[in-house]
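Engineer: Structure provided below as structure tokens; questions to follow.
The values are calculated or read from the model by the stated rules, or taken from the named source; none is laboratory data. Everything numeric here is computed off the predicted structure, so don't read it as measured data. Please note: Cβ atoms are built from the backbone with ideal geometry, for glycine as well, and neighbour counts cover all protein chains shown.
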């Protein structure tokens with residue numbers, strides 16, 4: 001909501017068309033060259049933030065480009081901040097291309113192998129990502145983290161494809177490795193920074209971290225791919241570290257990071273490890289939620305968690321009915337649905353499970 005408000009105010013001011021800001025002003029407005037440059041810089045950061053948040057929520061947001069005159073990255077004395085701004089802008093443009101290119105083809109995949117056009121898009125976008133991965137002149141540590149986040153955004157779309165897609169096993173293993181790398185880099189970044197990273201990370205970073213954690217959980221707990229991975233023990237420890245990191249991100253008891261950490265821990269504690277990942281490689285394809293971009297895997301996991309929880313509660317109520325019949329000679333369940341979420345100490349209703357919006 002705040003990101004949308006930011007964009008609305010920016011467009012009303014004319015930040016997106018700084019060269020023609022007078023068209024958006026009610027009073028005479030005379031901007032110098034430095035003012036125009038400043039307005040453009042502010043608008044670019046607005047679009048970077050809004051794009052990051054929208055992808056983390058699973059909503060497409062076409063980027064509103066600045067003035068047409070601005071076709072090349074500007075420099076500001078070669079400073080790190082300017083280089084970071086241009087790099088982040090390129091990353092968000094890349095993620096926007098990923099979303100706009102791959103999302104329309106999600107529904108068409110269904111129970112069939114990915115189309116040749118989609119595979120070509122994968123190769124083209126992978127080449128763009130490789131170009132972004134080239135060492136920069138003044139690349140900061142956070143730039144590498146955001147590059148890993150862009151890689152996760154692209155590879156998460158592999159989970160939409162059917163298992164009959166050519167190279168499917170390689171796609172899934174690549175997705176696992178990219179998500180694993182982002183979690184590892186997040187934990188390492190938190191350990192290296194004096195003030196830590198997790199306690200002060202932006203909301204969009206938290207969203208991507210949740211996505212990577214669920215990807216590792218889903219693939220690692222798949223019966224087929226678990227036999228292919230050679231770091232099962234390390235992956236399990238990494239999930240435990242991700243749960244601890246989500247609790248560290250938490251700012252108050254039982255807020256969103258803590259709840260999602262509890263959901264991940266719930267699947268880790270189940271006797272049946274394949275409850276979230278399935279037993280065959282066909283089970284990895286997202287089937288319940290497919291319209292939330294790369295974050296669909298998170299909402300699909302929450303859908304599975306909710307259905308599993310309801311099934312557990314119904315089983316408990318059936319046992320209570322049998323015990324009541326044996327004791328009182330009558331059957332019947334209580335009209336009250338029961339405090340299902342109390343089993344994990346959650347204080348939110350199961351009907352309100354849109355955790356990340």
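Engineer: Does the range 254-266 include one or more residues that are under 30 Å from residue 113 (Cα atoms), in the same structural domain as residue 160 (by TED's automatic domain parsing) and touching a helix residue (DSSP H, G or I) at 6+ places or on another chain (Cβ under 9 Å)?
Structural biologist: Looking through the range 254-266, at least one residue is under 30 Å from residue 113 (Cα atoms), in the same structural domain as residue 160 (by TED's automatic domain parsing) and touching a helix residue (DSSP H, G or I) at 6+ places or on another chain (Cβ under 9 Å).
Engineer: Now for a different question. For residue 61, only one of the following conditions fails: (1) at pLDDT below 85; (2) over 22 Å from the mean Cα position of the chain (by Cα). What is its number?
Structural biologist: Here residue 61 clears every test but (2).
Engineer: Tell me, please, whether a residue that is on the phi < 0 side of the Ramachandran plot, surrounded by 14 or more Cβ atoms within 10 Å (Cβ to Cβ), under 14 Å from the mean Cα position of the chain (by Cα) and assigned by TED's automatic domain parsing to the domain that holds residue 152 can be found in the range 194-203.
Structural biologist: Yes, the range 194-203 contains at least one residue that is on the phi < 0 side of the Ramachandran plot, surrounded by 14 or more Cβ atoms within 10 Å (Cβ to Cβ), under 14 Å from the mean Cα position of the chain (by Cα) and assigned by TED's automatic domain parsing to the domain that holds residue 152.
Conditions (1) within 24 Å of the chain's Cα centre (by Cα); (2) surrounded by 18 or more Cβ atoms within 10 Å (Cβ to Cβ); (3) in a loop (DSSP other than H, G, I, E, B); (4) at pLDDT below 90, marked per residue:
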position: 263; (1), (2), (3), (4): yes, yes, no, no
position: 320; (1), (2), (3), (4): no, no, no, yes
position: 331; (1), (2), (3), (4): no, no, yes, yes
position: 337; (1), (2), (3), (4): no, no, yes, yes
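Engineer: So, one more: Can you pull out the residues in the range 227-261 that are within 26 Å of residue 161 (Cα to Cα) and assigned to a loop (DSSP other than H, G, I, E, B)?
Structural biologist: Passing the criteria: 227, 228, 229, 230, 231.
Engineer: Confirm whether residue 79 is more than 28 Å from residue 100 (Cα to Cα) and either buried (at least 17 other Cβ atoms within 10 Å of the Cβ) or modelled with pLDDT of 80 or more (or both).
Structural biologist: Judged against the criteria, residue 79 is not a match.
Engineer: Could you tell me whether the range 158-168 includes any residue that is free of Cβ contacts under 8 Å to residues at least 40 places away in the same chain, assigned to a helix (DSSP H, G or I) and surrounded by fewer than 16 Cβ atoms within 10 Å (Cβ to Cβ)?
Structural biologist: no
Engineer: So how many residues does the range 273-298 have that are more than 23 Å from residue 241 (Cβ to Cβ) and either out of contact with any helix residue (DSSP H, G or I) (no Cβ under 9 Å at 6 or more places or on another chain) or not in a helix (DSSP H, G or I) (or both)?
Structural biologist: 11
Engineer: Can you tell me how many residues within the range 266-295 are within 20 Å of the chain's Cα centre (by Cα) and buried (at least 18 other Cβ atoms within 10 Å of the Cβ)?
Structural biologist: Residues flagged as within 20 Å of the chain's Cα centre (by Cα) and buried (at least 18 other Cβ atoms within 10 Å of the Cβ) within the range 266-295 amount to 11.
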